[in-house]
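Structure first, commentary second.
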Amino acid sequence: AATTIKYDRPLSKHKPRPKKHGKEYEWALLVSDAHGGETVNPEEALGIQYNWDICVRRIEEMRNQVLENLHDRGSSYRVRKLHVPIMGDMLSGEIHEELTISNEFVIAEQMSRMSHVLYNLLCDLSEHFDEIDAFVLPGNHPRTKKTPSYKQKFNNWEFAMGHMIKGMVEAAKIDNIKVDVPKSMIHVHQIGRASCRERV
């Protein structure tokens, strides 16, 4: 699938997995707290630096580590499905006054950029797994108001981000990627077979 925002480094080529395997497995890749759009000045934070480029490189490295692990274990067992819970605070947001001053760009641009990066991540991974099952739960940073509400907690920029990712997947007709964007802040997602021991 064509992508809009590319990684800085090309995706390394991995050897195809052997076809003969025993039991099939499922993996989970937890994605959260990228705080895309936030900046940290090393002069103010004992040499620690953070910005959009670092954010994207970290997501790229996460993708590479998943594929390296998949390649290393490919001769032992087959991983058929990857679950990708996107658990919130992928955006820096604007609920804190200092963020409105120091963010690299405003939240609308944070949402647009991160949607494309996560879409690209899912597309890259979908080339190596039979199924990708992702869901997006909003964090607290991208909420629309400073004070949390009890109702309509999904009124959040990451709810919009999730639907943007879902829309891009559907428009590209990528059959092995499923994206769910629940309205509830508590979401039950099953990984593996429907048995007590394997439920998550």
So I186 and E44, fully extended at 0.36 nm per residue minus their Cα-Cα distance, gain in nm 47.4 nm
Virtual spin-label span in nm between Y150 and K173, 7 Å along Cα→Cβ: 4.8
Over the heavy atoms of S102, what accessible area does a 1.4 Å probe trace out, to the nearest 10 Å²? 50
Given H placed 1.01 Å from N in the peptide plane, which residues other than close sequence neighbours of G88 have an amide H under 5 Å from its amide H? D33, L137
How much solvent-accessible surface does E98 expose, in Å² to the nearest 10, with a 1.4 Å probe and all protein chains in place? 130
Would you kindly find the accessible area of Y25, with a 1.4 Å probe and non-protein molecules such as ligands, DNA and RNA excluded, rounding to the nearest 10 Å²? 90
Simple spin-label estimate for A28 and H163 in nanometres, 7 Å along Cα-Cβ: 2.7
Going by the alpha-carbon gyration tensor, a ≥ b ≥ c the square roots of its eigenvalues, is the stretch 30-180 rounded (a/c under 1.5) or, if a/c is not under 1.5, prolate (a/b greater than b/c) versus oblate? oblate
Order by protection proxy (mean Cβ within 10 Å, highest first), peptides 46-52, 105-111, 147-153: 105-111, 46-52, 147-153
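The values are calculated or read from the model by the stated rules, or taken from the named source; none is laboratory data. Model, not experiment: these values are computed from the prediction. With ideal geometry, Cβ positions are generated from the backbone for all residues, glycine too; neighbour counts draw on all protein chains shown. These area figures cover heavy atoms from the full protein model, side chains too; ligands, DNA and RNA do not enter into them. Shrake-Rupley method; radii C 1.70, N 1.55, O 1.52, S 1.80 Å.
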